[in-house]
Each structure stands twice: as C-alpha cells, then as structure tokens.
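Before any comments, here is the structure.
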Amino acid sequence: MRSAKTIFIKQAKDTMKNPSSLIQFILFPVVAWLMTEFVAKSENFEGMPVNMFVVLMGAVFAGMGLIMVTAGIVAEDIEKKSLRFLVMAGVKPNQYLGGTGSFLLVLGSITALLFGLIGIFTTAELVKFVVVLIACVANSIILGATVGLMSKNQQSAMSLGMPVAVVLAFTPMVANFNETIYNASSFLYTQQLNIITNDFTEDFTKAMIVIFINMVVLIVLFSLAYWKRGLRS
Amino acid sequence: MIQMNNIVKRFSNQTVLSDVNFKVREREIFGLLGPSGAGKTTIINILTNQLNADSGSFKIGATAFETGLMLDEDGLFDRLTCLDNLTVFADIYGIPREKAKAALRNVGLEDAMKKAVLKLSRGMRQRLALARAILHEPKILFLDEPTSGLDPATARSIHKLIKKLCDNGATVFLTSHNMEEVVKLCDNVSLLYKGKIVEEGSPVAICERHNAIKTVPDLESVFMKLTGYREEDVI
C-alpha cells in the first residue's frame, strides 16, 4: 500500500510536469466548452442538441485520450528502465500500475466532472453522465496499461494504441448512421456511453452491466499481458 | 559475500557465460573486467535476480533490500527533481526522507537538489544514479561501468566515493573495461573474456604473473593540474 501511494504521488508530480499528458485532460473539455458556447448554443444551428459536443468530446476523451496517455506513461517507464529500478526496490508491478492507474482515474474523474458542468443537464442526467464517463475512463486506463505493457517503447505504444483508440472512440459515432454497426458495437463500453448520453431514458443499469463486463474482459487481457511480460514473478 | 559457482547462461544458441566461478569477500572492491559484450552485465543481472542462469548456483550475503544497483541505463525520472527522484525511493524503502538529502550531499549534488533530472549533465546523472544506489546504505553495491563516458574529474570523484563506501563497510562489485580504473580501485579482479573467467587475483599479482608491471605516463594527473582540479574538491 505504501509503495502504491508513493507511485501515486510520483505520478502526480510527473504528470503535472508533462504537458503532453496533461493537455489530454484539459484540451477535450476546453474544446467541448468552446463548441458548446459558440456553435451548439448559437441561433445559427437550430435543432442541434445543446450537449452534442460535450457528449462527443467526452466519448473521444474516454475512448481515446486516456488510452494514449496511460499507454505512453507505462511504455516510457519500461523504455527508460525506471520500472526496473522500482521493481528492484521492492515495488510489485501491480502496486506500480495501481498507483499510476489510480492517479489517472482521479484526474480523469475531475475531467469527467468538468464535462458534466459544461453540458446542460438535470441533476439526474448529470449524475448518470459523470458516472458512465468515469466507468469508461477506468476501462480505458486498464486498456492503456495493457497496451503500454505490450510495447517496448513509447513509439510502439502509440502505434499499437492508436488503432485501438480510434475504433473505440469513433465506432459509436459511425454507429449513429448505420444500424448494423450500431447493433454490432453495442458490446463496446464507449457505445454504451454514447447510448446513455444520447438518451438518458435508456436503461442505465444495462449500460453499466455492459461496461462492467468490458472491465472484466480488459482485466483478463491486462493479466495476460502482465504474465507475458514476465512481471508476475 | 558473493559466490558464483559454475554459472552457464545461453541466449538462443549463443553461450554468453560458460562455467563462471568467482568469490567476492566482505568489504572488498571487486572488479569484473572485460571488453564490451563479454557478459559482465549478464552476471550483474543474474546476481540481482533479474535473469535466471541456465545452470550453476550463486550465493549473496545480502537481501534484495540490502543491495544497491547502478546500471548503464540510469532509469531516473527525467521530469522530477533530483530530490524527488530520491524521495520516491526513500518512501518505498520506508527510510526517513532526510537520507535523500544526505545521499545528494554525499555525491556533491546538494546544489542541484531542486533541478529537474533532464537538465543535468551526464556526469551529474551518473552521480544521482549512484546516490539512489547508496540511499538505503546497502551491504552490497553493484556498479555497472560507473564512470563510463565521464570526464576525469567526475570519474575521480566517483572513485573516491566508492572507496569511502567500502571503508564504511559496503562490499562493492563493479564492472569496467577501464583497466586503469580497476588498478586504482579494486582489491581483487576477475577477467572475463567471451563468457569465461580467464584470470583472477589482485591487480598487482595479475600484472606480476604476466610481467606487466611498468611505469606509465600519468596523463590524468597532468589533466587535473592543467584544469585547476584540486584533490580537496573531490567529494
């Protein structure tokens, strides 16, 4: 527990000094706010849902940004051998990933809340939106950590993570225009985010169950990567 | 303190270590000499449990916690300050944070405490990596080419620190391909060539056996004199 806490603090200091990671947590809500204020609320675009950009950017943040950030952080520590020194000092790889992941979850949750405050929601809708977004953030952190573990360096993490992130972030958007893709993608956690945020009367419990099943699958994938990387021993 | 018996290590079809044996006594500075690719780092990786040997055995008179490590790749957190880098490890080891400052003072980095690692010179990075290795006052210190690529003044300050650590009770295991460094520092050495120990003993004894005792021009002292380097500047 002490080691995970230490890694949490280390990651906080490191991320605050790493603009390329930090910007992911700021850029998406800022763009959502700008687009909402100047486009969605504009009289020139009547009929456009006022929360369109909040939902869109929220999905891209949860489905894409977090995967790339987490994969980049883990791959950097592997590439620079920092993880090796931590492990040699007695940090278990799960403590390292727990500390790093929990910090990113805290930061991602703050961003999710920001998205919620930018949008125009009732209290019930706001709670549903933030909860489902945080659950998706958690899934993306696990997936990003898996990508990071599978990569030899940051460059390969980007190459490996990008197609995964694009599929997860953009499939729900394409699904809005094609019923087959809509049905096929309904097992993705990002699609559940899309379903709930497009219509808050949709079955919230069902969406959370699908997201939870995704989480279980991702944890299994992560464990396989962890085992393959030889970190278990 | 350290004993390696008949260690064999293969990578694919290539035998990297072949029947390696040596013994390191407590509180000595032991040098493992050899050209690049001889298998020196592989031996350190085996001794620090980062790699398993295919056959043979080894014994170490210290736990993982009582071992300090400095490798050619320093693994420092670039964006953090020198002090933060050491504080992370002090917290992991569960030792007072004040020891991080003391370790920085020991390697002469007290003025760079709040400097980000990415702004450090190579020599300063090496010294910080050494500070991290000695932070928890280990019984055994593994140093993989600790002065590789450093200027003579920085190398000399690291030499002095290694001797001081040994005087304070640490056993030092270092690898090098710098013969002069080894002669200056080590009590005993083993010469590794193509994965085999080809010679061992004290540097003087080895040189005597091979009729290689000679007086060589000491260019390093000239360099020190001309660059205004003083012995008292050494940490």
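The values are calculated or read from the model by the stated rules, or taken from the named source; none is laboratory data. Just so it is clear, the structure is predicted and the values come from calculations on it, not from any experiment. A quick note on method: Cβ atoms are made from the backbone with ideal geometry, for glycine too, and the neighbour counts reach across all protein chains shown. Heavy atoms of the whole protein, side chains included, go into the accessibility calculation; ligands, DNA and RNA do not. Shrake-Rupley method; radii C 1.70, N 1.55, O 1.52, S 1.80 Å.
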Original post:
If you build the Cα gyration tensor of chain A and take the root of 5 times each eigenvalue, what three semi-axes come out, in whole angstrom, biggest first?
Top reply: 32, 19, 15
Subject >> Relative pair counts by distance (%), Cα atoms of chain B, 10 Å bins >> reply: 7, 31, 35, 21, 6, 0
**OP:** Let me have the 222 nm mean residue ellipticity of chain A computed from DSSP H runs of 4+ only, each contributing -39500 (n - 2.57), with the sum over all residues rounded to the nearest 500.
**Re:** -25500 deg cm²/dmol
Original post:
For helix A:204-228, what angle does its Cα long axis make with the longest principal axis of chain A, in degrees from 0 to 90 and rounded to 10?
Top reply: 20
Original post:
Applying the Karplus parametrisation 6.51 cos²θ - 1.76 cosθ + 1.60 with θ = phi - 60° to the phi angles of the stretch B:122-129, what ³J(HN,Hα) value in whole Hz is obtained for each residue in order, glycine and proline being reported as x?
Top reply: 4, x, 5, 4, 4, 5, 5, 4
**OP:** Would you compute, from DSSP H runs of 4+ residues alone, the mean residue ellipticity of chain B at 222 nm, taking -39500 (n - 2.57) per run and dividing by the full residue count, rounded to the nearest 500?
**Re:** -10000 deg cm²/dmol
Original post:
When ligands, DNA and RNA are left out and all protein chains stay put, how many square angstrom of accessible area per residue does the stretch A:17-85 have with a 1.4 Å probe?
Top reply: 43
Subject >> Debye log10 I(q)/I(0) at q = 0.10, 0.11, 0.23 Å⁻¹ for the stretch B:1-128, Cα point scatterers >> reply: -0.44, -0.52, -1.27
Original post:
Karplus couplings for the stretch B:166-173 from phi (6.51 cos²θ - 1.76 cosθ + 1.60, θ = phi - 60°), rounded to Hz, Gly and Pro as x?
Top reply: 5, 4, 7, x, 7, 9, 10, 10
Original post:
Which whole-Hz couplings ³J(HN,Hα) result when phi for each residue of the stretch B:192-202 is put into the Karplus expression 6.51 cos²θ - 1.76 cosθ + 1.60, θ = phi - 60°, listed in order with x for Gly and Pro?
Top reply: 9, 9, 6, x, 10, 7, 9, 7, 8, x, 6
**OP:** Hey, can you find the accessible area per residue of the stretch B:11-127 for me, probe 1.4 Å, expressed in square angstrom?
**Re:** 46
Subject >> Shielded residues, the stretch A:1-34 - accessible-area loss of 40 Å² or more between chain alone and all protein chains, probe 1.4 Å >> reply: A:2, A:6, A:10, A:13, A:14, A:17
Original post:
Rounded if a/c is under 1.5, else prolate if a/b beats b/c, else oblate: with a ≥ b ≥ c from the C-alpha gyration tensor eigenvalues square-rooted, which is the stretch A:154-232?
Top reply: oblate
**OP:** From the C-alpha gyration tensor of the stretch B:44-113, pull out the three semi-axes of the equivalent ellipsoid (sqrt of 5λ each), sorted largest to smallest, in whole Å.
**Re:** 29, 14, 11
Original post:
Given a 1.4 Å probe and no ligands, DNA or RNA in the count, how much accessible surface is buried by A and B, both sides, to the nearest 100 Å²?
Top reply: 2100
Subject >> Placed amide H near residue B:197: partners under 5 Å, 5+ positions off or other chain >> reply: B:21
Original post:
Could you work out Rg/(2.2 N^0.38 Å) for the stretch B:137-181, with Rg from alpha carbons only?
Top reply: 1.12
Subject >> Pairwise centroid distance, computed over Cα atoms, of the stretch A:12-57 with the stretch B:91-112, Å >> reply: 43
Original post:
Going down the list B:101/B:163; A:5/A:80; A:152/B:194; A:152/B:101, which pairs span over 30 Å between their C-alpha atoms?
Top reply: A:152/B:101
**OP:** Return a whole-number percent for the relative contact order of the stretch B:2-109, with Cα pairs under 8 Å and 6 or more residues apart as the contact set.
**Re:** 24
Original post:
Got a sec? Which residues of the stretch B:86-106 lose 50 Å² or more of accessible surface with every protein chain in place, vs. that chain alone, 1.4 Å probe?
Top reply: B:92
Original post:
What is the pair-distance distribution P(r) of the protein assembly as shown, computed from all Cα-Cα distances in 20 Å bins starting at 0, with each bin given as a whole percent?
Top reply: 22, 43, 24, 10, 1
Original post:
Applying 1/(1 + (r/R0)^6) with R0 = 60 Å to the Cβ-Cβ distance of residue B:183 and residue A:22, what FRET efficiency is obtained, to the nearest 0.05?
Top reply: 0.75
**OP:** Kindly give Rg over Rh for the stretch B:64-166, based on alpha-carbon atoms, with the Kirkwood expression for the hydrodynamic radius.
**Re:** 0.92
**OP:** Quick one: compute a quarter of the convex hull surface over the Cα atoms of the stretch A:4-109 and quote it in nm².
**Re:** 7.1
Original post:
In the stretch A:58-83, which residues become less accessible by 50 Å² or more once every protein chain is in place, relative to the chain on its own, using a 1.4 Å probe?
Top reply: A:80
Subject >> Added length on full extension, which subtracts the Cα-Cα distance from 0.36 nm per residue, residue B:194 to residue B:11 >> reply: 64.5 nm
**OP:** Would you work out what percent of the accessible area of the protein assembly as shown, with all protein chains in place, is carbon or sulfur (probe 1.4 Å)?
**Re:** 59
